[in-house]
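Q: For reference, the structure I am asking about is given below.
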Amino acid sequence: MNTHTCSSKSADFCSMDVIRTAAKVPKENISRSSHILPLQERVSKRDDKICLKPGTVLNMRYCVRKLLGSGSFGKVVEAHDLQDKEQVAIKVMKTNNQHTKQSLKEIELLKFINKEKGSRFIVKLHSHFGIGDKICSVFELLSNTLYAYLMDEYPAGFPLNATRNYSKQICNALQHLSDLQIIHGDLKLDNVLLVHPEAPTIKLADFGILITGIPIRRKSE
């Protein structure tokens, strides 16, 4: 798995030419990983951080465009998929036992959830890869979180119709998870994302904290 810096032909597109000319990347821009060859990763020995600057190509496929956010888990970047010619979001997890376990659990469960019918309100996981000791998950690119949208556009609160619409979609997503005996362990507006800023459709994200395999009792029972 590798990273290097690409030079795009335009501000909005990372050219496949960077793949063909990867061997021309200056040696001073590349450092060794404990796992792979020098050309295959731009990881600093000092702090073991992956270069996520715009133009960096991850896994010989994903050209980083910009940072979308960061937190205790790590960072999320927007990237251009050079193979499928689409924009994606890549979550790069920090290196520690807790985050590694959460990331692996999220990957396995999302693979399962996305295959099941009724998962249209759940974020889609495209793929995943490793760089050194980091785990990178590739997701469909969504828009703002529902919390950010609320604060930016409706600081006094969503209109009633919008509240009903979002609530119905969240309930449908939770019902789907319930049918699979899965409980989302970190449900909040920060983990509900708009599919598009102009469309009132949402998806649940961040499945690192889940409870599985427990039958969920309903009031009718």
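Nothing in this text is a laboratory measurement; each read-out follows from the coordinates by a stated rule. It should be emphasised that the depicted structure is a prediction, and the values quoted were computed from it without experimental measurement. Here Cβ is always computed from backbone atoms with ideal geometry, including for glycine, and neighbour counts include all displayed protein chains.
Q: Taking amide H positions as placed in the peptide plane 1.01 Å from N, state which residues far from residue 128 in sequence (5 or more) or on other chains have amide H under 5 Å from it.
A: Amide H neighbours of residue 128: 138.
Q: Give me Rg/Rg_expected for the range 129-181, where Rg uses Cα atoms only and Rg_expected = 2.2 N^0.38 Å with N residues.
A: Normalised Cα radius of gyration, the range 129-181: 1.64.
Q: I would also like to ask the following. How are the alpha carbon pair distances in the range 146-212 distributed across 5 Å bins from zero to the largest one, expressed in percent?
A: Distribution as computed: 4, 16, 26, 26, 14, 10, 4, 0 percent.
Q: Please give me the summed charge of the neighbours of residue 185: other residues whose Cβ is under 14 Å from its Cβ, Lys and Arg +1, Asp and Glu -1.
A: Taking every other residue near residue 185 into account, the sum is -1.
Q: If you don't mind, there's one more thing I want to ask. Based on the Cβ-Cβ distance of residue 172 and residue 84, what FRET efficiency does E = 1/(1 + (r/R0)^6) give at R0 = 30 Å, to the nearest 0.05?
A: 0.60
Q: Let me ask something else. Taking K and R as +1 and D and E as -1, what net charge do the other residues with C-beta under 13 Å from the C-beta of residue 128 add up to?
A: Summing Lys/Arg as +1 and Asp/Glu as -1 gives +4.
Q: Determine the alpha carbon to alpha carbon distance for each of 111/168; 91/188; 85/168; 105/203; 66/115 and list only those over 28 Å.
A: 85/168; 66/115
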